[in-house]
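Shown below is the structure under consideration.
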Amino acid sequence: MIFSVRFFTVTLLLGAVLFDGICRAEETFSKNQLKAAVNECNDTYFLSQKSWDSVFTTGSLDDEKDLVAKCFFECVLLQTGAMDDKGTINSDVTKAVFLASHDGTAVDGHGELIDMCVPGRVETDTCEKAYALVKCVTVEELSRRQAR
């Protein structure tokens, strides 16, 4: 049950950004690959339900100094290939990962969130960078939902 809730929550997080169109086959990503990454990262970086809830209702962790939570996001991005070990984010792979979190169903107008949130990342710590990306995307998505 906890895994289901956590995976659903991660799916919501990753689903905050959806892909407009991936052209190259090597940039596709399956939901099973995403599940495997989430499972592996959750084993290493356990997060409380309170932390999950905070991210998805406010766009931020309740404790912005929680390095374990930030490193969970880094782990998922690393495991999926969306970010390399130097912290370079691959926008196309990131889009594919977010697309996989929604079973390949893209929503018009959301692909640009990745393009908006990836450039200009100045964080030197890869956990901080991964969390900053997730936060940027989530805050923007929450803002767009409220505007509807």
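The values are calculated or read from the model by the stated rules, or taken from the named source; none is laboratory data. Computed from a predicted structure; not experimentally measured. Virtual Cβ from ideal backbone geometry, glycine too; neighbours counted across all protein chains shown.
Among the residues that make up segment 94-116, is at least one of them surrounded by fewer than 16 Cβ atoms within 10 Å (Cβ to Cβ), modelled with pLDDT of 85 or more and over 23 Å from Arg145 (Cα atoms)?
no
Within segment 59-86, work out how many residues are acidic (Asp, Glu) and under 19 Å from Asn32 (Cα atoms).
Final tally of qualifying residues: 1.
Let me ask you something else. Quick one: Ala36 ticks every box in (1) at pLDDT 85 or above; (2) in contact with a helix residue (DSSP H, G or I) (Cβ under 7 Å, 6 or more places away or on another chain); (3) assigned to a helix (DSSP H, G or I) except a single one, so which number is it?
(2)
Here's another thing I want to ask about it. Can Ser60 be described as part of a helix (DSSP H, G or I) and hydroxyl-bearing (Ser, Thr, Tyr)?
Here the answer is no, as Ser60 does not meet what is asked.
Quick one: count up the residues across segment 119-139 that are aliphatic (A, V, I, L, M) and at pLDDT 90 or above.
4
When you scan segment 70-87, do you find a residue that is hydrophobic (A, V, I, L, M, F, W, C), at pLDDT 90 or above, touching a strand residue (DSSP E or B) at 6+ places or on another chain (Cβ under 6 Å) and farther than 17 Å from Val139 by Cβ, even just one?
Yes, there is a match, as at least one residue in segment 70-87 is hydrophobic (A, V, I, L, M, F, W, C), at pLDDT 90 or above, touching a strand residue (DSSP E or B) at 6+ places or on another chain (Cβ under 6 Å) and farther than 17 Å from Val139 by Cβ.
Confirm whether Asp62 is surrounded by fewer than 18 Cβ atoms within 10 Å (Cβ to Cβ), touching a helix residue (DSSP H, G or I) at 6+ places or on another chain (Cβ under 9 Å), within 19 Å of Val139 (Cα to Cα) and without any contact (Cβ under 8 Å) to a residue 24 or more places away in the chain.
So Asp62 fits the description; yes.
Quick one: which of Lys50, Lys70, Lys35 is surrounded by fewer than 18 Cβ atoms within 10 Å (Cβ to Cβ), closer than 23 Å to Lys95 by Cβ and not hydrophobic (A, V, I, L, M, F, W, C)?
Lys35
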